[in-house]
1. Can you name the residue in region 91-114 that is closer than 17 Å to Gly295 by Cα and under 15 Å from the mean Cα position of the chain (by Cα) and, of all such residues, is surrounded by the most Cβ atoms within 10 Å (Cβ to Cβ)?
2. Scanning region 123-164 for residues that are away from ligand 2 (no atom under 16 Å from the Cβ) and surrounded by 17 or more Cβ atoms within 10 Å (Cβ to Cβ), which turns out farthest from Lys107 (Cα to Cα)?
3. Please return the ranges of helices (runs of 4 or more DSSP H) entirely within region 180-289 where 3 or more residues are over 30 Å from Pro114 (Cβ atoms), away from ligand 1 (no atom under 13 Å from the Cβ) and touching a residue at least 12 places away in the same chain (Cβ under 8 Å).
4. Residue by residue through region 67-109, note down the ones that are hydroxyl-bearing (Ser, Thr, Tyr) and either in contact with a Gly (Cβ under 6 Å, 6 or more places away or on another chain) or free of Cβ contacts under 8 Å to residues at least 24 places away in the same chain (or both).
5. Consider Gly313 against the criteria (1) surrounded by 24 or more Cβ atoms within 10 Å (Cβ to Cβ); (2) of a type outside the set (Lys, Arg); (3) in a helix (DSSP H, G or I): it satisfies all of them except one. Which criterion is unmet?
6. Is it the case that region 99-109 has a residue that's part of a loop (DSSP other than H, G, I, E, B), within 16 Å of ligand 1 (Cβ to nearest atom) and either assigned by TED's automatic domain parsing to the domain that holds Gly243 or of a type outside the set (Lys, Arg) (or both)?
7. For residues that are within 16 Å of ligand 1 (Cβ to nearest atom) and assigned to a helix (DSSP H, G or I), tally how many sit in region 320-338.
8. Counting just the residues of region 220-242 that are under 26 Å from Asp321 (Cβ atoms) and either among the acidic types (Asp, Glu) or under 13 Å from the mean Cα position of the chain (by Cα) (or both), which one comes out farthest from ligand 2 (Cβ to nearest atom)?
Amino acid sequence: MPKIAAIPGDGIGKEVMPLGVQAVEVVAQRHGLDVDFEWFDFANVEYFQQHGQMLPDGWQSQLGGFDSIFFGAVGWPQVVPDHVSLWGSLLQFRRQFDQYVNLRPCKILPGITPPLRDRGPGDVDFLVVRENTEGEYSNAGGVLFEGTDRELAMQETVMTRIGVDRVMKYAFAQAQKRRKKVTSATKSNGISITMPYWDSRFEAVQSDYPGVETDRFHIDILAAHFVQHPEWFDVVVASNLFGDILSDLGPACTGTIGVAPSANINPTGEFPSLFEPVHGSAPDIAGKGVANPIGQIWSGAMMLDHLGAEAAGREIETAIDDVLRAADPQVLTPDIAGQGTTETLGQAIIDVLRKE
Ligand code: NAD
Ligand code: IPM
Ligand code: MN
């Protein structure tokens with residue numbers, strides 16, 4: 001019986017999580033899979049206010065025995081600075097559980113009008129494979145000459161051969177199961193040490209995958225191509241920061257970031273993997289009940305895939321498509337041109353799952 005830790009976090013994380021959990025429970029039960037969710041109320045800013053830290057001591061052993069972590073979104077910058085809340089929670093999970101791959105699919109769903117008006121489902125369908133434990137998010141650096149007019153802040157980018165190679169190999173393996181193309185996001189014209197290193201490792205790794213087509217773009221023009229030629233892309237492999245940016249840009253081109261899912265994978269299975277929507281806690285809409293729950297629910301499908309219940313995962317994706325295709329404005333959330341709520345959209349998907 002898979003044991004799953006549910007951690008809602010802050011803001012709309014708390015609103016979309018119950019629907020994600022319910023969708024997974026309903027479909028898992030129909031597939032004879034007995035999933036057992038346990039809820040945790042740490043990794044949120046109220047917990048920080050009470051305890052002075054985001055996570056309890058010993059959180060690694062508390063969570064280490066779970067098969068997966070289902071996560072909402074953390075952050076409420078009005079109360080706790082983002083670098084404190086995020087480095088104290090999500091970024092610790094990714095690192096200490098060695099979730100070195102962050103999988104972020106991006107495709108046009110039925111019924112959602114993308115800003116790229118002449119494109120529809122099938123035209124845009126790519127996967128961002130984001131390096132998730134090093135790179136620009138290194139925490140190595142510091143502030144010198146503090147308080148003087150020579151004050152300076154530096155933060156190093158760290159790329160290890162193990163870290164770069166393993167995520168690139170993961171990307172190539174994904175491409176072999178898809179349309180057999182990998183694009184590398186680089187910036188070796190301006191970032192003169194780590195990015196040429198990234199390019200040289202890409203060349204070395206690609207020689208092991210002769211059946212997979214490759215190309216590479218500097219991140220600036222790659223961002224432009226995401227908007228102008230999204231159909232060029234199948235798997236896009238990127239460093240931690242570039243992958244972060246591309247995985248908000250991609251879903252925005254498909255209509256809304258509210259539908260985008262993500263999987264933080266520890267491929268060895270030594271530690272639990274973590275599944276969460278790409279979006280954050282959205283303070284601007286939190287408490288209004290209008291957050292799109294699809295990013296959370298689709299993340300539940302990725303979690304079921306990871307747990308070996310692929311058929312159940314596909315059922316969730318089909319249910320999402322069916323509800324979007326029906327295009328009932330009373331059901332859809334405002335980010336996709338509806339007048340409905342988190343609850344109406346989430347429950348509509350769960351109702352389809354019950355009937356399927
Ligand atoms: P955000 O993703 O929270 O919101 C950006 C915009 O997208 C907002 O206008 C918001 O209303 C909209 N949006 C996001 N999710 C939506 C949904 N499901 N339905 C409809 N609209 C949605 O990004 P932000 O404003 O930069 O960050 C807010 C907080 O969340 C910060 O504390 C940030 O650090 C944190 N954050 C956390 C995560 C995470 O935990 N994985 C990810 C990103 C940001
Ligand atoms: C994401 C988020 C996080 C990141 C932040 C909140 C630290 O933007 O998961 O995309 O940059 O990795
Ligand atoms: Mn992000």
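1. Top of the filtered list is Cys106.
2. Met159
3. 194-206
4. Selection gives Ser85 alone.
5. Only one criterion in (1) surrounded by 24 or more Cβ atoms within 10 Å (Cβ to Cβ); (2) of a type outside the set (Lys, Arg); (3) in a helix (DSSP H, G or I) is unmet by Gly313, namely (1).
6. Yes: region 99-109 contains one or more residues that are part of a loop (DSSP other than H, G, I, E, B), within 16 Å of ligand 1 (Cβ to nearest atom) and either assigned by TED's automatic domain parsing to the domain that holds Gly243 or of a type outside the set (Lys, Arg) (or both).
7. 6
8. Filtering region 220-242 for residues that are under 26 Å from Asp321 (Cβ atoms) and either among the acidic types (Asp, Glu) or under 13 Å from the mean Cα position of the chain (by Cα) (or both), the one farthest from ligand 2 (Cβ to nearest atom) comes out as Glu231.
The values are calculated or read from the model by the stated rules, or taken from the named source; none is laboratory data. Computed from a prediction, not measured in an experiment: that's the story for all the values here. Glycine gets a Cβ as well: all are built from the backbone with ideal geometry, and neighbour counts include every protein chain shown.
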